[in-house]
Amino acid sequence: MDPHYDAQDVARCDLCEVAIVQSYCDFCHVNLCKPCIGEHISDDYTKHIIVPFQQRRSTPIYPKCEKHPKKTCKLQCKDCQIFLCTDCLASEQHNKEHKLSKLEEVFHQKKDHIHRDKKELKEELLPVYEEIATEITNQIANLDVDYQKFTTQMSKHREELHREIDNAMDQREKEIDENKLKHLSILTKHLEEIKQLQSLMQESLHNLNEMEDSNEVTPTIHYSSKNQEFSKLPPKVIVSMPIFIPKPIYKKEEICSLIGKLTPLSTTLEERVFTAKKPNTSVRELLDEPEVLNTIKTGHEYLRSVTCLYEEEIWTSGRTADFKCFNTQGVLQKTTKTKSGDWPNDIAVYSDGALVYSDGTTRTVYKVKNDQTEEIIRLQGWTPTQLCVTSSGDLLVTMFSDDKTQSKVVRYSGSTVKQTIQFDDDGQPLYSGNDNSKYITENRNLDICVADSGAGAVVVVNQAGKLRFRYTGPPSSTKKESFKPFGITIDSQSRILTSDSYNRCIHVLDVNGQFLCYIDNCDLECPTGLCVDNDDSLFVCEGVKENVRKIRYLE
């Protein structure tokens, strides 16, 4: 192709490089015009798959059969997980009781999954990482500014310390001057006293000189000596000089502690949780008359749970040791069994299609993927009951204590406990302490909703585990039996749906727990587990009838 062509040029044939492309070989991945098709398939026309250019890369290229090289495999054994051709089926080598799936259907399902993953990666995950990178880049850019604040603060503190030290030194110098003045005053006073005595002695000496030269009898006779008085010397005034006793200069560490403390740099890892963006959905109003679209006969003994990741994979479980997966037409797709041989308490599905179930007998939560069962959580003193896979990929597990007096919700990331929800702000239990079912779901606003049948209430807490509300039934109920919720799920409008087995209906609430309506016209028999698919179709387990009802309840 001409290197001067730009992105606006139309696609051209890869063979002649001139004609506008009209077809595409899905086998060789080559653009073709009509005249070049014959040349392209001339080597072996059987292997080439020519399709219109607009349908390129849409035709599955089936693998060659290892046992029958001239055949292509268009089937897959669900039990053996191997590809099969028609000759493999005709032979006696493969177990005819094994369940088969069409590779074309599996191929297109995986293609849809790949498309969704690509879209999520491009539109959601990459932008999140871009935000993280931008956040870190901004932190690096702000380091100088942030640390300059410390330096400025330290300089200010330095000035304050210097000022206080100067003030303290000035105070000591002032005290020295005051002591000097006092000292001077004491010595001056003492000197005056001495000088006064000296003056008296001089006066006395003068008188003695006169008397010594005089011949008068009377003064001489009356003379009285004062020498004895003068011989009593005045006391010596000793004023002790003040002594400056400097405090020892502290060691470097002590000085630093006096100045203040700089906390060490600390690094912690705060978990980031990726929450998949909810698809933009238009407001869908409730139907006045919901309708049953389909009934799936499961064959479970007392059907309890239903969950679906995709429309064509509806997993069910009951009081039997097996899990069954159906498509929307009610055709059984696959079956698997619990590891212990006992019936599971509940099931859920991860975003990668892995099944997770709780086993009350072994107090364990297992994950099943590619027919491999892996233990992910084992409890002591508690029994796991109901499960919910959150939008962030965490697993919420309801559980009760061995003495059946306590219940709680625990959030796991893999096998690690991230959060425990058990008490309200007043220290009171959020959930009834018993072994009754407590089905659980996460709403689109990340609220955690539990159908506490033992308490006769739907208990809703926020993501942090703080109580938002309890729903115990509509303000004025028209139903005969008391409200005991069983299954619970949410739809694209963040409405909460919970099954009321005794009254054979579904309660529909808004995101804040306000009652909206009943779904009670579908002849439901003992409704138990619930789930809603991506199209807002409601799947309801009928415990006694062992059926799953697909119900349309939104416009």
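The values are calculated or read from the model by the stated rules, or taken from the named source; none is laboratory data. Computed from a predicted model, the values in this text were never measured in an experiment. Neighbour counts run over all protein chains shown; Cβ positions are idealised from the backbone, glycine included. Protein only, heavy atoms only, side chains kept; ligands, DNA and RNA dropped before computing areas. Shrake-Rupley method; radii C 1.70, N 1.55, O 1.52, S 1.80 Å.
A few notes on this one:
- Rg and Dmax [Cα atoms of region 412-500; Å; Rg one decimal, Dmax integer]: 13.5, 45
- Accessible surface, 1.4 Å probe, highest first, among residues MET169, MET211, MET241, MET399: MET241, MET169, MET211, MET399
- Crossing angle, helix 143-213 versus the chain [Cα axis fit, 0-90 degrees, rounded to tens]: 10
- Summarised as an ellipsoid, region 98-163 has semi-axes of 60, 11, 5 Å, derived from the eigenvalues of the Cα gyration tensor scaled by 5 and square-rooted, with the largest first.
- Per-residue 3J(HN,Hα) values for region 63-72, derived from phi via the Karplus relation 6.51 cos²θ - 1.76 cosθ + 1.60 with θ = phi - 60°, read x, 6, 6, 5, 8, 10, x, 7, 10, 9 Hz in sequence order (x marks Gly and Pro).
- Within straight-line cross-link reach of LYS404, aspartates and glutamates at Cα separation under 20 Å, skipping those fewer than 8 residues along the same chain: ASP346, ASP359, ASP424, ASP435, ASP452
- For region 31-154, the share of alpha carbon pairs falling in successive 10 Å distance bins from zero is 10, 21, 19, 17, 11, 8, 7, 5, 1 percent.
- Heavy-atom SASA rank of VAL128, VAL461 (probe 1.4 Å, accessible area, largest first): VAL128, VAL461
- Area projected by the alpha carbon convex hull of region 329-386, averaged over all directions, nm²: 4.5
- With semi-axes defined as the square roots of five times the eigenvalues of the C-alpha gyration tensor, the equivalent ellipsoid of region 153-226 measures 65, 7, 4 Å, largest first.
- Residue-wise HN-Hα couplings along region 111-125, as the Karplus relation 6.51 cos²θ - 1.76 cosθ + 1.60 with θ = phi - 60° gives them from phi, are 4, 4, 5, 4, 4, 5, 4, 4, 5, 5, 4, 6, 8, 10, 5 Hz; Gly and Pro carry x.
- Long-range amide H partners of LEU75 with built H, under 5 Å: LEU84, LEU103
- Cα Rg, Dmax (largest Cα-Cα span) when computed across region 451-544, Å: 12.6, 39
- Over region 81-133: Kirkwood hydrodynamic radius from C-alpha pairwise inverse distances, Å: 14.3
- Percent of C-alpha pairs per 10 Å bin, region 168-209, short to long: 26, 24, 20, 15, 10, 4, 0
- Between THR134 and LYS102, the contour length at 0.36 nm per residue exceeds the alpha carbon distance by 6.9 nm.
- Residues in region 492-497 carry Karplus couplings, in order, of 5, 9, 6, 6, 9, 10 Hz; the curve used is 6.51 cos²θ - 1.76 cosθ + 1.60 with θ = phi - 60°, and Gly or Pro positions show x.
- Distant-in-sequence amide contacts of ILE49, defined by a placed amide H-H separation under 5 Å and a gap of 5 or more residues or a different chain, comprise ASP26, PHE27, CYS28.
- Computed from Cα positions, the angle between helix 126-141 and the longest principal axis of the chain comes to roughly 10 degrees.
- Region 155-261, accessible surface, carbon-and-sulfur percent (1.4 angstrom probe): 57
- Distance (nanometres) between label positions extended 7 Å along Cα→Cβ at GLN333 and LEU126: 2.9
- Charge dipole of the chain (Cα centre as origin; +1 on each Lys and Arg Cβ, -1 on each Asp and Glu Cβ, all else neutral): 1740 debye, rounded to the nearest 20.
- nm² value of the averaged projected area, convex hull over the Cα atoms of the chain: 58.8
- Given charges at Cβ of Lys, Arg, Asp, Glu: region 298-358 dipole, positive-most of VAL331, GLY353, SER317: SER317
- When LEU497, LEU516 are compared by accessible surface with a 1.4 Å probe, the order from highest to lowest is LEU516, LEU497.
- Its convex hull of Cα atoms gives region 188-234 a direction-averaged projected area, equal to a quarter of the hull surface, of 3.5 nm².
- Under conditions of 10 °C and 1.306 mPa s, region 339-474 yields 105 µm² s⁻¹ as its translational diffusion coefficient, taking Rh as the Kirkwood radius over Cα pairs in the Stokes-Einstein equation.
- The coefficient of translational diffusion for region 291-332, derived via Stokes-Einstein from the alpha carbon Kirkwood radius under 20 °C and 1.002 mPa s, stands at 203 µm²/s.
- Short to long, the 5 Å bins of the Cα pair-distance histogram for region 40-79 hold 5, 18, 18, 24, 18, 10, 4, 2, 0 percent of all pairs.
- Each residue, GLU92 and LYS418, gets one label point 7 Å from its Cα in the Cβ direction; the gap between the two is 5.5 nm.
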